[in-house]
Amino acid sequence: MVELSGKKILITRDASQAGSLNEKLKALGAEVICVPTIAIVDPPDWKPFDDAARRLIDFDWVVFSSVNAVSRTSSRLRELKIQPEMLADVRKAAVGNQTARAAENTGWQMEIVPDRFQAEDRIRTTLQYHV
C-alpha cells in the first residue's frame, strides 16, 4: 500500500466535489488541499436555455457534460415549472458514471455513457448510436 504521510496533494476541485478521491488520499496519510479552478455560475442570460427547455419535445438528444450540468438543468427546469418527465421522450447521454448517476437520481435514464469521458469520445460514441 502507498503511504502518503507528509505529502501535500492539491485537488483542483471544490471540496464538496472532490468526493472519494479526497477521502482516499487522506486515508493514505496525505494532506489534501482542495482549490477549485473553475466557478459554476449562472449564464448572464437564461433566455436561450429557457427557450430550448420550453421546446424539449423538439430535441432528439440531451447530452449532460457534468454533474454540475445535471444540477443546474434540473434546478432551472424546476424554476420554469417544467417537469423532469418532459425529457422522457428525449434520448439522453452523460459523459461518465458520476454524471449518469446524478441524472438518474433526477429521474433521467441515460442511454449512452461512454467508457472514456473526453469530448471527442462522447461525440464519436453518440454518432455511433442512432444519430
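The values are calculated or read from the model by the stated rules, or taken from the named source; none is laboratory data. Everything quoted here is computed from the prediction, not taken from an experiment. For neighbour counting, all protein chains shown are included, and Cβ atoms are generated from backbone atoms with ideal geometry for every residue, glycine included. Heads up: the accessible areas ignore ligands, DNA and RNA and are worked out on the full protein's heavy atoms, side chains in. Shrake-Rupley method; radii C 1.70, N 1.55, O 1.52, S 1.80 Å.
Below are the figures for this structure:
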quantity	calculated
Kirkwood Rh and Cα Rg combined as Rg/Rh, region 13-79	1.15
The chain: angle of helix 67-79 to the longest principal axis, Cα-based, in degrees nearest 10	40 degrees
Inter-label distance for residue 97 and residue 28, nm, one decimal - labels placed 7 Å from Cα along Cα-to-Cβ	1.7 nm
q = 0.22, 0.30, 0.34 Å⁻¹, region 1-40: log10 I(q)/I(0) [Debye, one scatterer per Cα]	-0.63, -0.98, -1.13
Extended-chain gain in nm, criterion 0.36 nm per residue less alpha-carbon gap, residue 38 and residue 12	8.5 nm
Per-peptide average of other Cβ atoms within 10 Å, ordering 49-56, 95-102 highest first	95-102, 49-56
Amide H partners (placed H, <5 Å) of residue 34, local residues excluded	11
Accessible surface of region 16-95 [probe 1.4 Å, protein heavy atoms]: carbon and sulfur percent	56 percent
FRET efficiency estimate (nearest 0.05) - Cβ-Cβ, residue 109 to residue 2, R0 30 angstrom	0.20
Largest-first principal axis extents, alpha carbons of the chain, Å	55, 34, 23
